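Step one of this worksheet: look at the structure below.
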Amino acid sequence: MIRRLSVYPDRLRIALLVLNESQWSRSILEGVSRFAAEHGGWDFWLHPRAMKTQALMPADWKGEGIIARIADEHVRASLERHDMPTINVSWHSEQSRRFPKVIADPQGSGELAGNFFVQRGFQHFGYIGPPLCYNYRDPVQPAAERVIEEAGYSLRSFSPDPASPSSDYDYQRSRLVQWVRSLPKPIGVIAFSTVVAREIMLTCSAEGINVPNDVAVLAVEHDPLISQLSPMPISYIQQRPELVGYEAARELRRLISGGTPRDEPIAIAPEGIIEKPSTDTIFAADSMVQNAVAYIKQNADSAINVSDLTRFLDVSRRSLEDRFRKALNRTPAEEIRFARLLVLKDFLRQTNLSLAEISAKSGFSCENSTLRFFKRMTGMTPGEYRRNYDPIAASSRQSL
């Protein structure tokens with residue numbers, strides 16, 4: 001009889017039943033790998049697995065623990081045969097002590113998405129979920145819908161053709177066209193993933209509907225490559241899947257060491273919204289306000305102020321402020337502060353630059369000026385924001 005042999009008999013042997021075709025899933029696996037590397041290395045068993053590829057645990061596999069995406073009863077049944085700690089990283093199924101969960105917080109993501117569009121002044125809202133053929137449980141929509149209804153509005157959902165044979169949206173194109181045409185505009189659309197968001201944008205483009213001024217699009221699950229292949233970069237919720245994987249590995253190690261399974265799942269809260277052109281909507285019907293907002297965005301990395309705006313537009317400060325309030329319900333100064341804050345956040349998320357370097361590149365006079373501005377706008381320091389964005393890597397980054 002052929003017998004399985006461990007490659008590293010002195011290491012923990014861990015099975016990974018996680019999708020590995022998408023950026024999201026690979027990020028989870030990166031987090032698992034990161035934790036394992038910090039704790040002496042693990043001996044991983046894994047199987048190439050796509051959304052429609054069902055990988056079951058071999059009955060003869062021996063090890064100490066499992067991290068799995070338990071999305072259906074067949075996978076669950078194959079795991080039941082192995083009496084060992086198992087962490088579920090899927091939104092599917094309920095929390096149980098047999099298969100405790102470590103997941104990105106779906107309710108938090110839905111609430112964040114709903115609030116994003118409500119706070120931006122939208123009065124119309126849409127939602128498009130995952131393809132039906134995935135049989136995917138969607139806990140995001142109810143949370144987004146609750147926030148939107150509490151604000152006094154309603155959510156219009158796309159209803160896909162249940163007979164569609166695959167996730168290829170060419171089979172849904174006619175329905176997508178009808179849905180997009182029927183939507184009141186301007187509207188903020190929440191898409192379950194970047195793949196789905198891209199299809200909405202392609203449909204809008206083909207129909208001559210402007211993104212983002214008529215239809216603004218926000219993705220829940222992010223895939224940077226798909227965003228690059230879209231008509232424009234797509235805004236998304238920063239869900240931190242790598243941290244999900246890291247915490248799943250930490251929890252599995254605790255259980256292997258004799259810890260008791262938790263009664264509630266570990267839910268990793270989303271970090272925030274990463275804004276890209278797909279939600280860069282200018283509501284103002286006033287052309288002067290539109291020009292002012294465009295000028296602010298083009299110069300957000302400099303020490304721009306309201307006086308610069310009035311000179312550029314050849315208008316009095318009082319007139320400009322009145323027109324801003326009527327068009328956007330905020331002042332030019334508030335618009336400038338918000339735009340400059342986004343510049344700082346991008347530098348903190350995407351670079352390892354020091355606060356002094358960030359200050360110089362974003363038009364602030366000194367570190368203290370940047371620190372005071374950021375703390376006033378967000379309630380946290382730049383260093384706290386950076387650590388919150390990627391707490392795993394905080395210790396290896398340059399401190400602020």
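The values are calculated or read from the model by the stated rules, or taken from the named source; none is laboratory data. Please read these numbers as outputs of a predicted model, since none were measured by experiment. Cβ sites come from the backbone with ideal geometry, for glycine too, and all protein chains shown count toward neighbours.
For the structure I just gave you, tell me whether Leu320 is surrounded by fewer than 18 Cβ atoms within 10 Å (Cβ to Cβ), over 17 Å from the mean Cα position of the chain (by Cα), modelled with pLDDT under 95 and within 30 Å of Ser369 (Cβ to Cβ).
Spelling it out, it is not the case that Leu320 is surrounded by fewer than 18 Cβ atoms within 10 Å (Cβ to Cβ), over 17 Å from the mean Cα position of the chain (by Cα), modelled with pLDDT under 95 and within 30 Å of Ser369 (Cβ to Cβ).
Entry remark, region 31-42: residues being over 21 Å from Phe99 (Cα atoms) and of a type outside the set (A, V, I, L, M) number 5 in total.
Checking the conditions here, which among Val306, Val217 is buried (at least 16 other Cβ atoms within 10 Å of the Cβ), touching a residue at least 24 places away in the same chain (Cβ under 8 Å), within 24 Å of Gly114 (Cα to Cα) and not assigned by TED's automatic domain parsing to the domain that holds Trp24?
Among Val306, Val217, only Val217 is buried (at least 16 other Cβ atoms within 10 Å of the Cβ), touching a residue at least 24 places away in the same chain (Cβ under 8 Å), within 24 Å of Gly114 (Cα to Cα) and not assigned by TED's automatic domain parsing to the domain that holds Trp24.
Every test in (1) under 26 Å from the mean Cα position of the chain (by Cα); (2) within 25 Å of Asp214 (Cα to Cα); (3) of a type in the set (A, V, I, L, M) is passed by Leu344 save one, and that test is (2). Among the criteria (1) modelled with pLDDT under 90; (2) out of contact with any Ser or Thr (no Cβ under 8 Å at 6 or more places or on another chain), the one Ile336 does not fulfil is (1).
Residue by residue, here is whether (1) free of Cβ contacts under 8 Å to residues at least 12 places away in the same chain; (2) closer than 20 Å to Ser157 by Cα; (3) part of a helix (DSSP H, G or I) holds:
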site: Leu225; (1), (2), (3): no, no, yes
site: Glu247; (1), (2), (3): no, no, yes
site: Arg254; (1), (2), (3): yes, no, yes
site: Gly259; (1), (2), (3): yes, no, no
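Would you be able to tell me the number of residues in region 204-259 that are closer than 21 Å to Glu21 by Cβ and small (Gly, Ala, Ser)? Explain how you work it out, then say what you get.
In the first step, residues of region 204-259 are kept if they are closer than 21 Å to Glu21 by Cβ; the result is 219-230, 234, 236-237, 239-246, 248-249.
Narrowing further to those that are small (Gly, Ala, Ser): 219, 227, 230, 245, 248-249.
Counting residues in region 204-259 that are closer than 21 Å to Glu21 by Cβ and small (Gly, Ala, Ser) gives 6.
Within region 174-195, the set of residues being touching a residue at least 40 places away in the same chain (Cβ under 8 Å), surrounded by fewer than 24 Cβ atoms within 10 Å (Cβ to Cβ) and among the β-branched types (Val, Ile, Thr) comprises Ile187 only.
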